[in-house]
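Written below as structure tokens is the structure these notes are about.
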Amino acid sequence: MMKTAKITKILNFILFTVGFILLSPFIRPKRSREKIIGFASSHFTGNIKYLYLEMTKYPNVKLFFVSGEKDEIKRVREYGFDARYYLDLKSIPLFLKTHAWVTSHGPNYIPFIGLARRIVPFLKWKHGSKWIDVWHGIAFVHTERGNMLRDYDLAFETSEFFVNYYSGGDSTIAAKIKITGYPRNDPLLDGRWSKEEIIRKLGLPDGKNILYAPTWGHKYKKKLFPWESTEQFLDKIEKFCAKNKCNFLIRMHPNWYKRNSEDKKTLEKKTKRLPHIFHFPPDKYTDAQELLFISDVLITDWSSIANDFILLNRPIIFIETKFPVEKYVLSPEDRVGYIVKNTKEFLSKLNESIKHPNLFEDKRRKVLKKIYTYLDGNSAKRCAREIINLLSQN
């Protein structure tokens, strides 16, 4: 079955490629008042989602979302938005007429061009479209985003620190990066959400909410918790939460589930029987921002989610684990909160974080200043204005 699906996908790609290439000389982005903007990503979440929602308010733009995940396309259509499969033959004319592509993880899901670049990395063809990078997180870990931006026309960041880092002193790249803030963080700041309503929607009981959201293991398998088996860890957390009247929310990185199938099964089975532990897998609950908004404490390791949560000025506990990288963007010293190295320390510092949330407040403020220029909840508006300005030049 898997082999048949793979063959079908290859045949679809070949057919789509032939159609795309044959039609490309005849269909191009038109000089017109209405601009067509495609949002290309695996999932409709994060900066992609919140910028899209903002741009629905703007006149003279036609928006659509494109992905290689058919379940995600179905989900986005249920919202009432235009969503397309990136190998959809009927959508080729629309793809060829698109004025701008907005991406969060590089150009992989830009129809034809994204897949073609995997085969021919030096392919520069953009068919007259502009490429815009919203990125997907304020990472501790180095990526090749700076090199990627050579092929882009516009990119967004949260502070001068990141402009300098990703441009690497190249003034051409630096000129493309605008300090706007990240759209996905606007709801954490602008008052649109009610904590009580989200808690009620999720069915959580009264009590403090603790969010456990570590990053994935990259090319390695990674236990749910580094110093205990999954069952032992969950039993200890259940006991802690029952004693301290709190809820433990678990949201693992989407890629973690692919490499840790046994831990995933144990987690799903066990949490059904534990009244104080709640599992929010990203395939069923796509938006992590609501979980951040209602959480009183965050537990993570090297996840960029910590640099979203810091906006709420609430305690963070960092689990000290080896991380398979050679280079950092933010340094290990920029982790603001307790850094724990075993289960005993973890439970002790968790208890302190619940009782004394103002600890590390001065350091949080210092790091916040480094990584954010704007704290006004208007990042999506700034990004949208930059896109409109870019397209108005054509």
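Every number in this text was worked out from the coordinates using simple rules, so none of it is lab data. Here the structure is a predicted model, which is why all the values come from computation and not from measurement. Don't worry about glycine lacking a Cβ; one is built from the backbone with ideal geometry, like all the others, and counts go over all protein chains shown.
Observations, loosely collected:
- GNM result for the chain, Cα springs below 10 Å: residue of Ile21, Ile316, Ile371 fluctuating most strongly: Ile21
- Near-label residues of region 256-285 by backbone N, under 17 Å of a point 7 Å along Cα→Cβ of Lys221: 256-268
- Loop sites in region 174-268: chymotrypsin sites (Phe, Trp or Tyr not before Pro), DSSP, at most 15 other Cβ within 10 Å: Trp193, Tyr220
- The Rg/Rh ratio for region 339-382 is 1.18, where Rg is the radius of gyration of the alpha carbons and Rh is the Kirkwood radius.
- For Lys201 and Asn358, a Förster radius of 30 Å and the Cβ-Cβ distance give a FRET efficiency of 0.55, rounded to the nearest 0.05.
- By the beta-carbon count within 10 Å of each Cβ, the least crowded to most crowded order of Ser24, Ser167, fewest first, is Ser24, Ser167.
- The distance linking region 56-80 with region 305-340 is 33 Å (Cα centroid to Cα centroid, whole angstrom).
- A protection proxy built from the mean count of other Cβ atoms within 10 Å ranks the segments 51-58, 9-16, 135-142, most packed first, as 135-142, 51-58, 9-16.
- Tensor-based shape of region 191-371 (alpha-carbon gyration tensor, a/c under 1.5 rounded, otherwise prolate or oblate): rounded
- Straight-line cross-link reach from Lys130 at under 25 Å between alpha-carbon atoms covers these lysines, not counting any fewer than eight positions away in the same chain: Lys30, Lys35, Lys49, Lys57, Lys62, Lys90, Lys97, Lys176, Lys178, Lys381.
- Extension gain for Lys9-Lys30 works out to 4.5 nm (0.36 nm per residue, less the C-alpha to C-alpha distance).
- Stretching Asn351 away from Leu22 to a fully extended chain increases their span by 112.1 nm, per 0.36 nm per residue minus the current alpha-carbon distance.
- Restricting the trypsin sites (Lys or Arg not before Pro) of region 75-150 to loop positions (DSSP other than H, G, I, E, B) with no more than 12 neighbouring Cβ atoms within 10 Å leaves Lys124.
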